[in-house]
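Accompanying notes for the structure given below.
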Amino acid sequence: MKQEQIIIFDTTLRDGEQSPGAAMTKEEKIRIARQLEKLGVNVIEAGFAAASPGDFDAIQEIARIIKNSTVCSLARASENDVRRAGEAIQPAMMHDEKNGRIHTFIATSKIHMENKLRMTEDQVVERAVQAVKWALEYTDDVEFSAEDAVRSEMDFLIRIFDAVIKAGATTINVPDTVGYSIPAPWGERMRELIARVPNSDKVVWSTHCHNDLGMAVANSLAAVMGGARQVECTINGLGERAGNASLEEIVMAIKTRNDVFNLTTRIDTTQIVPTSKLVSTITGYPVQPNKAIVGANAFAHESGIHQDGVLKHRETYEIMRAEDVGWGANKLTLGKLSGRNAFRTRLKELGIELDTEDLLNATFARFKTLADKKSEIFDEDLHALVSDEFISEATEHFKLVYLQVASITGEVPHAIITLSENGVESRAESDGGGPVDAAFKAIETMVQSGAELQLYSVNNITSGTDAQGEVTVRLSKGGRIVNGQGADTDIVVASVKAYLNALNKIQSKSERAHPQV
Ligand code: KIV
Ligand code: ZN
């Protein structure tokens with residue numbers, strides 16, 4: 001018998017983007033959206049259209065490009081938000097499948113209604129119904145979420161869900177906004193809602209869990225066992241605070257424990273690791289090595305007993321195959337002798353379209369420089385290269401012109417840097433605890449940003465000592481947090497690029513509204 005399919009609703013580009021410093025540019029969002037389509041997610045929540053003109057444009061462009069996944073925009077239950085969302089998803093409504101969705105929400109817990117919204121229950125229900133009706137003017141595919149459902153009263157949830165279903169909502173999402181639940185009661189809550197809400201069989205029930213107690217995936221799966229048929233999740237579990245439920249863990253749990261779930265998804269699991277790497281490269285959020293499925297150690301057997309077992313019979317210690325989730329899929333693609341056409345073709349296969357010949361030429365020049373330093377160029381290298389090119393195209397207030405670092409045993413590391421600020425060059429030098437520290441201090445003597453360094457991390461993009469180092473620098477200033485990224489085979493250069501990228505973001509001051517505020 002054909003198994004029922006779970007709808008995978010990916011919100012990396014919306015809830016994931018709400019992680020501190022993870023805000024993405026339009027081009028970055030488009031690259032991730034293309035990869036999510038390749039991965040096979042059913043719904044891509046591309047952003048929150050009312051948040052900023054940039055987010056609106058990104059959703060609109062994604063809605064135009066993506067044909068095999070539904071493209072969705074979030075909207076608070078206000079007329080302006082819903083209409084902005086409706087306009088943003090309009091291009092998706094021109095496709096044959098009319099695959100555009102509006103996702104509207106309002107808080108339903110007493111604590112949110114009284115203290116945040118300052119609205120009565122009646123007003124909240126009225127607003128929710130109105131929002132669904134506004135949304136239906138743009139699409140038949142309307143999702144309603146009861147924010148903070150985990151702390152909402154069951155009778156009120158039943159009342160509001162009944163009302164929005166009557167108004168025409170087609171998906172009902174039950175979020176654990178604050179990551180408060182634990183699996184058994186969460187599964188039970190879903191089961192009770194489906195049993196008690198009138199016409200519950202006319203809609204798809206969905207779950208959306210945050211990971212504050214480390215149980216987002218377990219809670220989502222419990223909701224599935226309670227009858228949910230859509231799961232909202234993000235790549236690498238990216239998301240506010242402790243993040244959202246991680247897509248890769250949910251998909252692989254459903255697949256690996258098919259004996260328990262008896263359900264399927266339409267995810268091409270071999271695309272999981274490439275998607276994880278792309279999201280990590282673009283957001284600057286590294287994946288911890290021991291992260292399930294996508295961590296570098298997820299399939300590494302260290303102990304002798306395990307290695308012996310795996311060699312004799314793989315399934316003694318492996319419940320999944322590394323290649324089934326895309327490990328080892330990083331193709332050796334290009335080398336020093338590859339030409340412009342091969343370069344362009346491979347980028348296209350990776351879902352990267354460079355709009356102008358100038359951009360292609362500049363990126364190709366970077367590729368040639370890299371190929372001189374590194375004999376084998378992998379897909380991950382190409383992603384980092386393109387990210388670097390977009391960064392320098394978009395936000396170059398500060399630009400690295402020259403860097404010299406001396407790191408000699410027994411001597412204090414020293415850096416000399418020339419920067420250009422809006423085209424005007426200046427030079428500074430500094431000692432430091434190490435070459436990176438010296439370089440950052442030299443930059444600060446010129447820039448005097450007043451920003452606080454919150455995080456500095458280096459990851460190698462591929463293996464080998466000639467690999468590119470990918471550096472993330474997180475700076476905070478006046479309550480704003482930004483992540484900067486840089487990649488280079490020289491990690492001091494990569495670090496300086498990342499630092500300048502973060503400074504450029506602080507400089508650009510582009511702000512987005514937050515949906516929950
Ligand atoms: O966590 C949450 O409640 C949300 C809603 C907007 C669905 O992200
Ligand atoms: Zn959320």
Along principal axes, Cα extents of the chain, largest first, whole Å
73, 59, 45
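Stokes-Einstein D for the range 394-454 at 10 °C, 1.306 mPa s, Kirkwood Rh over Cα pairs, in µm²/s?
Estimated via Stokes-Einstein, D reaches 132 µm²/s.
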Whole-Hz ³J(HN,Hα) from phi, Karplus 6.51 cos²θ - 1.76 cosθ + 1.60, for the range 51-56, glycine and proline x:
5, 6, x, x, 5, 4
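If the chain between E121 and R266 were fully stretched, how many nm would it gain, using 0.36 nm times the residue separation less the Cα-Cα distance?
Values: separation 145, 0.36 × 145 = 52.20 nm, distance 3.87 nm.
Taking 0.36 nm per residue and subtracting the Cα distance, the gain is 48.3 nm.
Per the helix-only calculation at 222 nm, which mean residue ellipticity applies to the chain, given -39500 (n - 2.57) for every DSSP H run of n ≥ 4 and division by its residues, nearest 500 deg cm²/dmol? If you can, show how the numbers build up before the last one.
On the way: 17 runs with 205 residues, N = 517.
-12500 deg cm²/dmol, from helical runs alone.
With r defined as the distance between the Cβ atoms of E429 and L213 and R0 fixed at 45 Å, what FRET efficiency is calculated, to the nearest 0.05?
On the way: r = 49 Å, r/R0 = 1.08.
That pair, E429 with L213, gives E of 0.40.
Rounded to the nearest 5, what is the percent of antiparallel bridges among the DSSP beta bridges in the chain? List each step's numbers first, then the result.
Working: 36 of 75 bridges.
Antiparallel: roughly 50 percent of the beta bridges in the chain.
List the GluC sites (Glu not before Pro) within the range 227-310 that fall in a DSSP loop (any state other than H, G, I, E or B) and whose Cβ has at most 15 other Cβ atoms within 10 Å.
E302
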Along the dipole axis of the chain (charges at Cβ: +1 for Lys and Arg, -1 for Asp and Glu; origin at the Cα centre), the most positive-end residue among G433, G295, I194 is I194
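What fraction, in whole percent, of alpha-carbon pairs in the range 352-470 exceed 24 Å separation?
41 percent
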For the residue pair I408 and E153, what label-to-label distance in nm results when each label sits 7 Å from Cα along the Cα-to-beta-carbon direction?
7.6 nm
Gap in Å between the Cα centre of the range 38-97 and the Cα centre of the range 459-517?
27 Å
Taking amide hydrogens as modeled 1.01 Å from N in the peptide plane, which residues meet the under 5 Å criterion relative to G486, leaving out close sequence neighbours?
V471, A498
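Give the calculated FRET efficiency between A513 and K202 to the nearest 0.05, with a Förster radius of 35 Å applied to their Cβ-Cβ distance.
0.60
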Charge-dipole axis of the range 1-97 as Lys and Arg at +1 and Asp and Glu at -1 on Cβ define it, positive-most pick from N80, V43, Q3:
Q3
Using only the heavy atoms of the protein chains and a 1.4 Å probe, how would M225, M24, M93 rank by accessible area, largest first?
M225, M93, M24
Could you list, bin by bin from short to long, the percent of Cα-Cα pairs of the range 234-353 in 10 Å steps?
11, 34, 33, 17, 5, 0
Taking H placed 1.01 Å from N in the peptide plane, check which residues at least 5 places from D148 or on another chain put their amide H under 5 Å from its amide H.
T177
Probe 1.4 Å, protein heavy atoms only - accessible area per residue of the chain in square angstrom
43 Å²
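With viscosity set to 1.567 mPa s at 4 °C, what whole-number translational diffusion coefficient in µm²/s follows for the range 118-226 from Stokes-Einstein and a Kirkwood radius over Cα pairs?
Details: Rh = 14.0 Å.
After rounding, the answer is 92 µm²/s.
Count charges around A292 for me, please; just the other residues with Cβ under 15 Å from its Cβ, Lys/Arg as +1, Asp/Glu as -1.
Details: positive: K255, R257, K291, R321; negative: E248, E249, E318, D324.
Value of the local net charge: 0.
Mind ordering 262-275, 3-16 by average Cβ neighbours within 10 Å, highest first?
3-16, 262-275
On the accessible surface of the chain, probed at 1.4 Å, how many percent belong to carbon and sulfur atoms? Walk me through the numbers on the way to the answer.
Numbers: 11160 of 22100 Å².
Its accessible area is 51 percent carbon and sulfur atoms.
The values are calculated or read from the model by the stated rules, or taken from the named source; none is laboratory data. Here the structure is a predicted model, which is why all the values come from computation and not from measurement. Heads up, the Cβs are rebuilt from the backbone with ideal geometry, glycines too, and the neighbour counts pull from every protein chain shown. Surface areas here come from the heavy atoms of the whole protein model, side chains and all, with no ligands, DNA or RNA. Shrake-Rupley method; radii C 1.70, N 1.55, O 1.52, S 1.80 Å.
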